[in-house]
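A quick write-up on the structure given underneath.
The values are calculated or read from the model by the stated rules, or taken from the named source; none is laboratory data. Bear in mind the structure is a predicted one, so any value in this text is a computation, not a measurement. We place every Cβ from the backbone using ideal geometry, glycine too, and count neighbours over all the protein chains shown.
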Amino acid sequence: MYELLQSRSLRHIMIRQMPAFLIAFVVAERFYKLGSFALECVAFLATWWVVDALFHLFGGRTGAGKSQRPEGST
């Protein structure tokens with residue numbers, strides 16, 4: 001987690017991860033009543049991962065599918 005936060009700007013993380021985070025948070029809050037904080041936390045993180053993967057797969061994120069490198073660079 002520390003490496004992720006250090007390798008990307010806060011703005012980049014907010015733009016790319018906040019929509020998936022919020023959807024996963026709402027799903028976890030409404031549907032996950034597992035009786036254990038640890039289990040609910042793991043279920044939330046798994047949901048966040050799946051939602052983010054779906055956004056990435058279907059191009060639902062800002063800048064998805066576009067190269068972050070400028071033209072002409074390798």
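What to note about this one:
- Criterion (surrounded by 14 or more Cβ atoms within 10 Å (Cβ to Cβ), among the aliphatic types (A, V, I, L, M) and assigned to a helix (DSSP H, G or I)) met by exactly one of A20, A46: A20
- Whenever a residue of the range 12-41 is closer than 26 Å to G59 by Cα and small (G, A, S), its partners that are part of a loop (DSSP other than H, G, I, E, B) and at pLDDT below 95, lying with C-beta atoms within less than 9 angstrom and at least six residues away or across chains, give the pairs A20/G60; A20/R61.
- Selected residue (only one of A38, A53, A28 is assigned to a helix (DSSP H, G or I) and either surrounded by 12 or more Cβ atoms within 10 Å (Cβ to Cβ) or at pLDDT below 80 (or both)): A28
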